[in-house]
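Report on one structure; see the data block that follows.
Please treat every number below as a calculation from the coordinates, not as lab data. Bear in mind the structure is a predicted one, so any value in this text is a computation, not a measurement. Using ideal geometry, Cβ is built from the backbone for each residue, glycine included, and neighbour counts are taken over all protein chains shown.
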Amino acid sequence: MVIKKVRVERLKPGIFIHDFDQGWLEIPFMRRSLMLTDDKMITKILEHGIHEVYIDTSKGDDISDAPTAEEAKAMTEKAVLDISGTEPAKVEESSFVQEIKRAGGIRKEAQTVITNTMESIRNGKQIDHRVVDKVVDDLVDSIFNNSSALLCLNQIRDRDAYTFQHSVSVCTLMTTFCKAMKFKKDLTKQVAVGALLHDLGKMFIPKEILNKPSKLTPSEFDVMKSHVLLARNAFKNYDGISSSAENVIMQHHEKFDGSGYPHKLKGAEISNIGLMGAIVDVYDALTANRCYHDGMSPTEALQKIYEWSTYHFKRDFVEHFIRTLGVYPTGTIVTLSSGFVAVVVETSTKGSTRPKVRVVFNSKSKTPVSPHIDVDLSDDNNIPIYGVIKNSELPGTWNIDAIGLLTKNIPVAV
């Protein structure tokens, strides 16, 4: 079996599609693998904004000069590695140890606020903007002190609380992105309000659709997509909501090539904040464990975002996002050549491929490391990163809770 990556324009009847390289919600058929029998199927794929697919040459016709899946993956990995090696200018920050204790409480409060806010919306009540503004102020201040702390806590996820945790995680990532783009703090706080509330329209979506564990039907997907426009009713009574916040809420599902929703905006029709929000929203969705799929590692998600930047995202914004997080984003769980498991706590000033990590587990002795050991891998080339562990593999496959060990005795929402 040979799997190849092919542009949709080059497809023809007789080719077997192995995978659409999209989430379940984005594909036009009920199956991910199928034989192309006519040109109408290809037109349908293009109409859904899909530009590249993977084909199986053992089950259908070949396209001889198309790259194999392995070759395409290697090219993407190299591109992301090259981009992450050119980091944005560092700003003075407080230490990770100082900030993470405070960050745990802020994240817990933010999750409480968004949960209560969304339930209030579901019950027809207005948003208490004072409560939202207060927790956003605290979250933005924490990230401006040290962005690594809250980013690390983003990795603590519960499949059954996705909508609420996704809102807090997107707010954290968007704030970090704004900081890296050198937004002023006041503007960043406006954007962060929109990021925290970006999915509030989902409270008007029937729960059987919102929480469906399998692929949505086309009509169900249309209902799901309506959450963006439904959000207008929820925030119209929000006292003093900014245009920046509205742009996050209304444009985070628009795509650079015009294939997004609700208005199919294209290129410059989308605000810069909307373009940033689209990147952040998809990145967090890719890394989250959902009821119907296991999340990617942060590194894999960045590679996928880069692949899609040819069409769906603005390329230079994607590159800046990659430089912001680094090839091993904060919270990534890695295995070291020494046999230890560590959590990335900070990108080293000497290079994002050799980050600062906190060693939390000895995989050889199957025991936690206590006290934790902090290591700047850029200072020791004899300890390379051996691999990346997906959150879905913890604690299951490895029987450890690396983030839990890292944040022990810190008040964290789960």
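Structure summary
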| quantity | calculated |
| --- | --- |
| Relative contact order (%) - segment 3-67, alpha-carbon pairs under 8 angstrom, separation at least six | 53 |
| Relative contact order (%) - the chain, alpha-carbon pairs under 8 angstrom, separation at least six | 15 |
| Kirkwood-Stokes translational diffusion coefficient of the chain, alpha-carbon pairs, 4 °C, 1.567 mPa s, µm²/s | 58 |
| Those lysines that a straight Cα-Cα span of less than 27 Å connects to Lys4, excepting residues fewer than 8 apart in one chain | Lys12, Lys40, Lys44, Lys59, Lys73, Lys78, Lys215, Lys255, Lys304, Lys314, Lys390 |
| At most 16 other Cβ within 10 Å, DSSP loop - trypsin sites (Lys or Arg not before Pro), segment 296-363 | Lys350 |
| For segment 96-325, convex hull of alpha carbons as volume per residue, Å³ | 116 |
| Residue order, fewest to most beta carbons within 10 Å, for Phe16, Phe177, Phe235 | Phe16, Phe235, Phe177 |
| Charge dipole magnitude, Cβ of K and R +1, D and E -1 - the chain, Cα centre, debye nearest 20 | 580 |
| Residues Val193, Val53, sorted so that the one with the fewest Cβ neighbours within 10 Å comes first | Val53, Val193 |
| Segment 128-183: trypsin sites (Lys or Arg not before Pro) in DSSP loop, at most 15 other beta carbons within 10 Å | Lys182 |
| Choice from Ile383, Ile100, Ile270 with maximal GNM fluctuation in the chain (Cα, 10 Å cutoff) | Ile383 |
| Dimensions (Å) - segment 187-253, Cα atoms, principal axes, largest first | 38, 20, 15 |
| GNM top mover of Pro368, Pro298, Pro213 - the chain, alpha-carbon springs below 10 Å | Pro213 |
